[in-house]
Amino acid sequence: MASMKRGGANSSLYQKQLRRLYAEGLLPESVFRTFLVDSTPTARDWHFWFRSLLLVVGTALVLVGIVVFFAGNWAGMRPAFKFTLLEAGLAAAVLAAMLYGERRPEGKFFLGIASLITGVLVVLCSQVYHTGADAWELLAGWSLLIFGWVAAGRSALLWAFWLGLVHAAVILFWVHVAVPAYGFSFAAVALPLAILDILFLLLREQGWSRGLEWLQERWPRPLLLALSLVLLCLPIMEMILSSGLSPEQILCVPAWVLLAGGGYIRYRHRSPDLIALGLIISSGCLLLSAVVGRLLLAERGGEGNFFIFALVVLMISGAGALWLRTLAGDATARKEWAHD
Amino acid sequence: MTDLEAVSRQVDILRSTGELSPAEIEAIGIRLQEYAEEATKPLFLRVLLGIGAWLVATLLIVAVQFVLQGKGLLPCGLAWLMVAVGLSRGGQGIFASQLAMALALAGNIGILTGVTHVIRGDALVVIPVFQLFLCLILYPLLPNAVFRFAAPFSVVALAAPWIVEKDALWLSHLLVGVELILFVILILRKERPPAYFPLEKALALLLPLTLLAFHLARIVHEPPLPPQWPSGLLLYGGLLTVLLHPAVELPPLSRQWKIGLPAAFLLFGLFISPGALAALILLVIGKARDELYLKVLGGLFLPVFLGVYYDGLDVDLTHKAWVIAGSGLLLLWMRRLVSNFRTGEKTP
């Protein structure tokens, strides 16, 4: 039996290909066992796995039990006790974060806990003191209060949470204040939010290029890109499908063109990323389909237009998929997609 | 070096040492080329294609509905299906595959809609049975992963309203049993043809979803509620079968484990819900086969079923909190207990 070098070929994908070959009866069992002897769980692995399962589920149940206890008795607790509890928790979380430091995962975890408790405190203040603050004001205040921790925390997850708070605050502001009082269109909030997301995306790419450890995870890029594209596409589609037109909606068009064009150049040549390209191409297909749909279906009558529209959508989405597949094939051949 | 190149290199070594025959080398080479082709069509792309196909299928259905009204969908649907099968088997490239998928979906929906206009019996009964036979016929003919993945969902989604409407919730146990047996047979077979991979994935998702759906249906159902123990018994048997199956390759267990493990799972299934046992089955097979999607599904559904169980307890929040925290402490105590169990492996 040949001795197999396992050093560079032990990735789970490599083993998956071998499993498939074996499952399809193309590899003799003796050869398969030689390749995969390292991946079969041992008794020790199973023992560890079962104990880990009990630890995770047991701990989660205990924590949930504590939360449910307080949730069930919250209404009956005195405000002073509630404040004491939350502030003690906040102080403990901040102290723990300071002790562990922002570079360690435990430090980031406790900063996250402190951020969450801050939000609960903001809501409690509003309830106890009857401030009459709207939901968007509470969210805005919350995001303002935790900004320092988020900036110091060096955690992509914390930044994503903070960004989510900001988006929620702005959108609620639009729903409850901007529309009833001033008649703002969605583009009036979507465009600034999209610009904010693009700015964060640029900062993230810059940080990634410089090798900042906490920005090396892959998920922030598609998240920020998808968010930006959605916030720009929605007003553009509204503009295409309705008869109204606002300056903010018109501005979304060049913003989308810049984002899509710049993103395509970046993720095609400099930092190859199929998912990012897929998002950009999908948004383009969506907008193109909306334009065609508006042209074909604007006037009722002519059921044949539905057939034509179906064929056009098929061609657009097929062209987009073909483009992506070609990019994927080219890059695989050139051994790209060396993801960050 | 890519992973496929690593596999090719290992195969070359085997060729030079004579451990694989020329015919085996050739067959592996062909399959490796197909894997390389698949790498240019990642999951993300297939999802996009699927969404595009659904949109086109909807538009086709709407268009025909305008023109032919109801019964006309039956011959149209049949024609679309035949074209879809022809394109899938003979067509090359993205357009052909996407058109085939769109026509297959539109044809399937069209036939079912046409049948509802034609049949005289109870549509709720006839449609799921008809869809089952249609899927059984189309599965081998239509080599499309998206369609093969969606087929079992369509059958269960059509059967579920009938089961609930007719108050025949005992049939849900039969459905769970069929899904469980099919899944375990497919995933633990020694030889697994790629044609069944979409079905395996669909069943892995369908089993906990079916249990969840019927559990929720029982909650809203007027009393008396049918018992859950038949599903629990089936899943307990399934879990033991999985643990004992040679494909899982569980190492020899000591006497403590042989008694403790089945007892623990039995208590778990009795006190929590059958769905939690289904999640455990997914986790165990995922661990044994190193399949990420099974681990993720098991990890997602276990807290869901735990949450549904505790939420359904008929006690106030304070007592509920004690029950939940107490369960957690019990599990942590069990962890301490099993830490002292011997693994059953012989030490050299």
Open item on the list: Through the Karplus equation 6.51 cos²θ - 1.76 cosθ + 1.60, θ set to phi - 60°, convert the phi angles of segment B:109-117 into ³J(HN,Hα) values in whole Hz; use x for Gly and Pro.
Closed with: 5, x, 4, 5, 5, x, 5, 5, 7
Task: Most fluctuating residue given options A:257, A:67, A:313, as computed from a GNM of chain A linking Cα atoms under 10 Å - done: A:67
TODO: Give a residue-ordered list of calculated ³J(HN,Hα) values for segment B:98-108 (Karplus: 6.51 cos²θ - 1.76 cosθ + 1.60, θ = phi - 60°; whole Hz; x for Gly, Pro).
DONE: 6, 4, 4, 5, 4, 5, 5, 5, 4, x, 4
Task: Rounded FRET efficiency, nearest 0.05, which uses the C-beta distance separating residue A:84 from residue A:63 and R0 of 22 Å - done: 0.60
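Hey, how much of the P(r) for the protein assembly as shown falls beyond 40 Å, as a percent of Cα pairs?
Details: 109135 of 236328 pairs.
In whole percent, the long-distance tail amounts to 46.
Ranking B:215, A:176 by Cβ neighbours within 10 Å, fewest first, what do you get? Spell out each step's value before the answer.
Values: B:215 20, A:176 14.
By the 10 Å Cβ count, ascending: A:176, B:215.
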- [ ] Among B:327, B:88, B:231, determine the one that fluctuates most according to a GNM of chain B built with springs between C-alpha atoms less than 10 Å apart.
- [x] B:327
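Tally Lys and Arg at +1 and Asp and Glu at -1 over the other residues with C-beta under 15 Å from the C-beta of residue A:236: what net charge comes out?
Charge balance in the 15 Å sphere: -1.
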- [ ] Would you look at the GNM of chain A, springs on alpha carbons closer than 10 Å, and say which of A:198, A:113, A:66 moves the most?
- [x] A:66
- [ ] Read phi for every residue in segment A:230-243 and hand back ³J(HN,Hα) as whole Hz from Karplus 6.51 cos²θ - 1.76 cosθ + 1.60, θ = phi - 60°, with x for Gly and Pro.
- [x] 4, 5, 8, 5, 4, x, 5, 5, 4, 5, 5, 8, 10, 8
Task: Per residue convex hull volume, Cα atoms of segment A:149-199, in Å³ - done: 72 Å³
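Tally Lys/Arg at +1 and Asp/Glu at -1 over every other residue whose Cβ is under 14 Å from the Cβ of residue A:152; what's the total? Walk me through the intermediate numbers first.
Details: positive: A:103, A:104, A:108, A:154; negative: A:102.
Net charge around residue A:152: +3.
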- [ ] Please state, to two decimals, what the Cα-based radius of gyration of segment A:221-262 comes to when divided by 2.2 N^0.38 Å (N = residues).
- [x] 1.17
Open item on the list: Can you give me the distance in nm between label points at residue A:151 and residue A:56, each placed 7 Å from the Cα along the Cα-to-Cβ direction?
Closed with: 3.6 nm
TODO: Considering Cα pairs under 8 angstrom that are at least six residues apart, work out the relative contact order of chain B and quote it in whole percent.
DONE: 11 percent
- [ ] For residue B:47, put the label point 7 Å out on the Cα→Cβ axis and report which residues of segment B:277-316 keep their amide N under 20 Å from it.
- [x] B:291-301
Task: Cut-off 16 Å (backbone N to label point 7 Å along Cα→Cβ of residue A:75), residues of segment B:304-340 - done: B:315-320
Task: Shape box of segment A:38-140 [Cα atoms, principal axes, largest first, Å] - done: 62, 33, 25
Open item on the list: Cut-off is 10 Å between beta-carbons; in what order do A:219, B:322, A:256 appear when sorted fewest neighbours first?
Closed with: A:219, B:322, A:256
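Throughout, read-outs are computed from the coordinates displayed, never taken from laboratory work. These numbers were taken from a predicted model, which means no experiment stands behind them. Neighbour counts run over all protein chains shown; Cβ positions are idealised from the backbone, glycine included.
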